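The values are calculated or read from the model by the stated rules, or taken from the named source; none is laboratory data. Computed from a prediction, not measured in an experiment: that's the story for all the values here. Reconstructed Cβ throughout: ideal geometry from the backbone, glycine too, with neighbour counts over all protein chains shown. In case anyone asks, the SASA skips ligands and DNA or RNA and just uses the protein heavy atoms, side chains included. Shrake-Rupley method; radii C 1.70, N 1.55, O 1.52, S 1.80 Å.
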Amino acid sequence: MQKSKKDKWVTEFIHKSLQKRSPYTGRFAPSPTGPLHFGSLIAALASYLDARAASGCWLVRIEDIDPPREQPGASDLILKALDVYGLHWDGEVLYQHQRLGAYRDTLAALKGEALAYPCICTRKELASYLPNYPGFCRSRTDAGCPELAHAIRFNAMDQVVVFQDRIQKEQSFSLEELGDFVVFRKDGLFAYQLAVVVDDEHQGVTDIVRGIDLIDSTPRQITLQKALGFHTPRYAHLPVITNEFGDKLSKQNKAAALPLKNPEPTLWLAMKALGLPVDSAIRNGSVEEMLIWAQQHWSLSPLQQQTSIPEASLTLD
Ligand code: GLU
């Protein structure tokens, strides 16, 4: 067997046997819009620890289906940072740009079942309603004309979605209020909600641990999963790390990239943010030692119903 083929086979074998061993498959799914920052480290670390503490699989998926928002080189930088912080994933990284056929088939299935419809509303028309959609095109008959630029929306049928979040407790959302959401964009790109649902199912994801900033995507994703006959994973939405103005650390507000040299103090702070009972002895360990200790002490209990953590409250003492 050629070396690259053999490596691929070995990786697939490990991936499959890990999936057999534990009913848990978690994932970290960054968009390559910039390097990882401290806020994204929290999401990566929590999903990694939650998977490893359950002897589960932990996958990495690069959500690169929005080229206008992407930064050249960001995917490699993200993978490099995960490696430096000891967050080693199972199997091969899945890149969403390689999955367009699956998204196309799913969109066709939704349209075939009349669960999705074309929408010609402009941003201007919707300005006073967004991010919620008032359903203008649900019954518009001219919206499907190919010459009119249109998005495709999922008909959420005004359902109420209730789910048990492992951190935030019971959540209830009215899809009537959230409105029918876009599954294919007017600019010809597949929307995040569609791609994420298709790939979570494809990768057999059982557990999603991510920031609370995505919590109102969850009812949308659950409705889509149900319409498509997919599994619904368990969800845990983490508090977000906020800056001195109370805003979530993000690439948009210029959060600093994670240091790639000397990662231990930053990893220690991330463990502290996640409520792990760290002490200075742990801080003197290597990244690998810290992660083993963190897996042994992992619990979501200290985070219960927390929605934000000010970065300034995290100090190295
Ligand atoms: N790609 C999304 C982001 O970077 C996260 C997707 C998810 O965890 O569902 O914000």
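Got a number for carbon plus sulfur as a percent of segment 58-140's accessible area, 1.4 Å probe?
52
Longest stretch of the chain clear of exposed loop sites (chymotrypsin sites (Phe, Trp or Tyr not before Pro), DSSP loop, at most 15 other Cβ atoms within 10 Å, sites excluded): 1-128.
Within the P(r) computed for segment 153-198, what percentage of the Cα pairs occupies the region above 11 Å? The partial results should precede the final answer.
Working: 735 of 1035 pairs.
Result: 71 percent of Cα pairs exceed 11 Å.
Computed over all pairs of different Cα atoms, the Kirkwood value for the hydrodynamic radius of the chain is 20.9 Å.
In Å², what does the accessible area per residue of segment 195-317 work out to with a 1.4 Å probe? Don't skip to the answer; put the middle values down first.
Numbers: 5720 Å² over 123 residues.
Per-residue accessible area for segment 195-317 comes out at 47 Å².
GNM on the chain, alpha-carbon springs under 10 angstrom: the most fluctuating residue among Arg123, Arg234, Arg52 is Arg123.
Computed over the alpha carbons of segment 58-119, Rg followed by Dmax gives 15.8, 47 Å. Here the chain is scanned for GluC sites (Glu not before Pro) in DSSP loops (not H, G, I, E, B) that have at most 15 other Cβ atoms within 10 Å, and the longest stretch holding none of them is 148-243. Rounded to the nearest 10 degrees, the inclination of helix 74-84 to the longest alpha-carbon principal axis of the chain is 30 degrees.
From the mean inverse distance of alpha carbon pairs (Kirkwood) and the Cα radius of gyration, derive Rg over Rh for segment 202-316. Let's see the in-between values first.
Numbers: Rg = 16.6 Å, Rh = 16.3 Å.
That ratio is 1.02, to two decimals.
In the structure displayed, which of Lys80/Lys169; Lys169/Lys272; Lys111/Lys248; Lys80/Lys226; Lys111/Lys186; Lys169/Lys254 lie more than 27 Å apart, Cα to Cα? All intermediate terms of the calculation are to be shown ahead of the outcome.
Details: Lys80/Lys169 34 Å; Lys169/Lys272 22 Å; Lys111/Lys248 36 Å; Lys80/Lys226 36 Å; Lys111/Lys186 16 Å; Lys169/Lys254 31 Å.
Going by Cα-Cα distance, Lys80/Lys169; Lys111/Lys248; Lys80/Lys226; Lys169/Lys254 fall outside the 27 Å limit.
To the nearest ten degrees, helix 192-202 and the longest principal axis of the Cα atoms of the chain are 60 degrees apart. Taking label positions 7 Å along the Cα-Cβ direction at both Ser280 and Ala257, the computed distance is 3.3 nm, reported to one decimal. Distance in nm between label sites at Glu176 and Leu100, each 7 Å beyond Cα in the beta-carbon direction? Each label point lies 7 Å from its Cα, and together they span 4.0 nm.
Taking only alpha carbon atoms, segment 94-181 gives an Rg to Rh ratio of 1.03, where Rh is the Kirkwood radius. A simple spin-label model places the labels of Phe163 and Arg69 1.8 nm from each other, with each point 7 Å out along Cα-to-Cβ. Think of it as helices only: each DSSP H run of n ≥ 4 in the chain is worth -39500 (n - 2.57), and spread over all residues that comes to -10500 deg cm²/dmol at 222 nm.
For segment 148-162, the residues whose backbone nitrogen is under 17 Å from a point 7 Å from the Cα of Arg138, taken along Cα to Cβ, are 152-161. Compared with the dominant Cα axis of the chain, that is its longest principal axis, helix 38-53 is turned about 80°. With protein chains left intact and a 1.4 Å probe, residues in segment 78-166 average 55 Å² of accessible area per residue.
Counting 0.36 nm for each residue step from Arg123 to Glu92 and taking away their Cα separation leaves a gain of 7.3 nm.
Report the far tail of the P(r) of segment 118-271, meaning the percent of Cα-Cα pairs longer than 22 Å.
Details: 6321 of 11781 pairs.
Across segment 118-271, Cα pairs with separations above 22 Å total 54 percent.
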